[in-house]
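Input: a single structure, listed below in structure tokens.
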Amino acid sequence: FKTCPGRVLCKVPCSGEKEVDLAVQSAKAAFKIWSQMSGMERCRVMLEAARIIREQREEIATMETINNGKSIFEARVDIDISWQCLEYYAGLAGSLAGEHIQLPGGSFGYTRREPLGVCVGIGAWNYPFQIACWKSGPALACGNAMVFKPSPFTPISVVRLAEIFTEAGVPKGLFNVVQGGAATGQFLCQHPDVAKISFTGSVPTGMKIMEMAAKGIKPVTLELGGKSPLIIFSDADLENAVKGALMANFLTQGEVCCNGTRVFVERKILDAFTKEVVKRTQKIKIGDPLLEDTRMGALINRPHLNRVQGFIKQAKEQGAEVLCGGDLYVPDDPKLKNGYYMRPCVLGNCKDDMVCVKEEIFGPVMAILPFDTEEEVVERANATKFGLAGGVFTRDIQKAHRVVAALKAGMCFINNYNVSPVELPFGGYKSSGFGRENGRAAIEYYSQLKTVCVEMGDVESVF
């Protein structure tokens, strides 16, 4: 692999109905073996997979950078989060248990936590390898098999994950990868032997997946889009708040579902905050994502770049002011001239009813909005169909907790942003989806409870 933006890396055949069925049947056979192993046996295999990922961190990160376009600096963080995820769920695998309940007369009941079967994971193109680990980690820990479909825009790195699981010792076929677009996803969702679907992506696609799953009464986890608020109070540490705003908007070229793209700034510090954010944004190093000092790589593809540019054009037409960036960027290196680069953009003079403030752009575009009171900003922050994340910067810790308690969002940050340790559940409210990735909470979405009631005396009959 070499950096070659705008050029074909490889060609991957799409999986049709036949290939999907083969993958599911293979996973089904592997499930029979894996589900009968003890939690500690599964733990050891998953720890080995984590070790291989950790050992091959640089190679996999490089592959991910070429796969997605993000900086190598960020890709390394993604790979670290990936092996940490597998280690975390390996640790939980041996502790999964039901409970014993004493009943009258010496009778008792107990519960068993059992796997679901063959689970489907459908990933997004912004964090291809990491999302696959976020889904497969709890699924495998609970004793399930998984068939995973990556985005057709980033098909490469998940295949490496499948190889690593095999090297680590999972039964053949336990983690299968199928390639393709909507048709392949449809075959997966409608397959009668699929027990559960976990999807990360857009709201419209999530709605379609939910409809298909409903016909088979299949549980679904949906991690969808966002238009999250980031609230900066005047008593915040300005330097920290500026760094937080950059983290909330420009990671992975702004292609992050939980980004805090509506930046509400208390009017008292609006000018000082805006000036510093613009200054720092203009210094972001754009270019070859494989260079160590690059902090922003290329967007995923030309149609998406055009879409993001269209949002900026519309924002200007509606009265927003481009304070910096927003234009295409052509690196000096001639081999990068066909890359999908743009300068990170900060928009001022924004209003709540503008399209750029209401709709998810999924690019490096920050909208700054002034506010005057806590009550006002909470109401405006919640005035959205989305509810994935929210952030608050303030030195007043009571106010911070009060505000995040009022935010209708599943993932909230206080004096930081876009920190997603695997120990903490991740997921949204409202149109941002339901179910949770990560933390102990994910175990609930990859297992089911069986209740057993044991009578130690004679049956009490009413007949």
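Please list, ordered by residue number, the strands (runs of 3 or more DSSP E) wholly in the stretch 72-135 having 3 or more residues that are assigned by the TED database to the domain that holds A195, among the hydrophobic types (A, V, I, L, M, F, W, C) and over 16 Å from G39 (Cβ atoms).
Values: elements: 100-102, 108-115, 118-122.
Output list reads 118-122.
Among what's in the stretch 422-440 and is open to solvent by less than 100 Å² (accessible area, probe 1.4 Å) and out of contact with any Phe, Trp or Tyr (no Cβ under 9 Å at 6 or more places or on another chain), pick the residue that is farthest from L246 (Cα to Cα).
Per the criteria, the residue is F434.
Regarding V454, is this residue open to solvent by less than 90 Å² (accessible area, probe 1.4 Å) and closer than 19 Å to G260 by Cβ?
no
When you go through (1) in a loop (DSSP other than H, G, I, E, B); (2) touching an Asp or Glu at 6+ places or on another chain (Cβ under 9 Å); (3) not small (G, A, S) one by one for E460, which number turns out not to apply?
With respect to (1) in a loop (DSSP other than H, G, I, E, B); (2) touching an Asp or Glu at 6+ places or on another chain (Cβ under 9 Å); (3) not small (G, A, S), E460 is out only on (2).
So which residues in the stretch 8-27 are out of contact with any Cys (no Cβ under 9 Å at 6 or more places or on another chain), assigned to a helix (DSSP H, G or I) and touching a residue at least 60 places away in the same chain (Cβ under 8 Å)? Steps first, please.
Step one: filter the stretch 8-27 for residues out of contact with any Cys (no Cβ under 9 Å at 6 or more places or on another chain), giving 8-26.
Now narrow it down to the ones that are assigned to a helix (DSSP H, G or I): 17-26.
Across the stretch 8-27, the qualifying residues are E17, E19, V20, D21, A23, V24, Q25, S26.
Kindly indicate the residue of the stretch 287-300 that is in contact (Cβ under 8 Å) with a residue 40 or more places away in the chain and over 19 Å from L328 (Cβ atoms) and also surrounded by the fewest Cβ atoms within 10 Å (Cβ to Cβ) among those meeting that condition.
Per the stated criteria, the residue is E292.
Considering each of I284, I269 in turn, give the residue that is under 27 Å from the mean Cα position of the chain (by Cα), open to solvent by 20 Å² or more (accessible area, probe 1.4 Å) and in contact (Cβ under 8 Å) with a residue 12 or more places away in the chain.
Numbers: I269 fails: under 27 Å from the mean Cα position of the chain (by Cα).
That would be I284, the only listed residue that is under 27 Å from the mean Cα position of the chain (by Cα), open to solvent by 20 Å² or more (accessible area, probe 1.4 Å) and in contact (Cβ under 8 Å) with a residue 12 or more places away in the chain.
Exactly one of these conditions fails for R436: (1) outside the structural domain of L328 (by the TED database); (2) modelled with pLDDT of 95 or more; (3) out of contact with any Gly (no Cβ under 6 Å at 6 or more places or on another chain). Give me its number.
(3)
What's the total number of residues in the stretch 105-117 that are modelled with pLDDT of 95 or more, open to solvent by 40 Å² or more (accessible area, probe 1.4 Å) and out of contact with any Lys or Arg (no Cβ under 6 Å at 6 or more places or on another chain)?
Result for the stretch 105-117: 3.
What's the number of the condition S234 fails, among (1) touching a residue at least 40 places away in the same chain (Cβ under 8 Å); (2) part of a loop (DSSP other than H, G, I, E, B); (3) over 30 Å from P115 (Cβ atoms)?
(1)
Can you go through A139, A124 and tell me which one is under 19 Å from F426 (Cα atoms), open to solvent by less than 10 Å² (accessible area, probe 1.4 Å), under 20 Å from the mean Cα position of the chain (by Cα) and in contact (Cβ under 8 Å) with a residue 24 or more places away in the chain? Can you show your working first?
Values: A124 fails: open to solvent by less than 10 Å² (accessible area, probe 1.4 Å).
Only one candidate passes the filter, namely A139.
Pick out the one residue from V159, V177, V170 that is open to solvent by 20 Å² or more (accessible area, probe 1.4 Å), touching a residue at least 12 places away in the same chain (Cβ under 8 Å) and within 23 Å of S447 (Cα to Cα).
Only one candidate passes the filter, namely V177.
So which residues in the stretch 200-224 are under 20 Å from W125 (Cα atoms), open to solvent by less than 40 Å² (accessible area, probe 1.4 Å) and not in a strand (DSSP E or B)?
G201, V203, G206, I209, L224, listed by residue number.
The values are calculated or read from the model by the stated rules, or taken from the named source; none is laboratory data. Small disclaimer: the values here were computed from a predicted structure and weren't measured. A quick note on method: Cβ atoms are made from the backbone with ideal geometry, for glycine too, and the neighbour counts reach across all protein chains shown. For accessibility, only protein heavy atoms count, side chains too; no ligands or nucleic acids. Shrake-Rupley method; radii C 1.70, N 1.55, O 1.52, S 1.80 Å.
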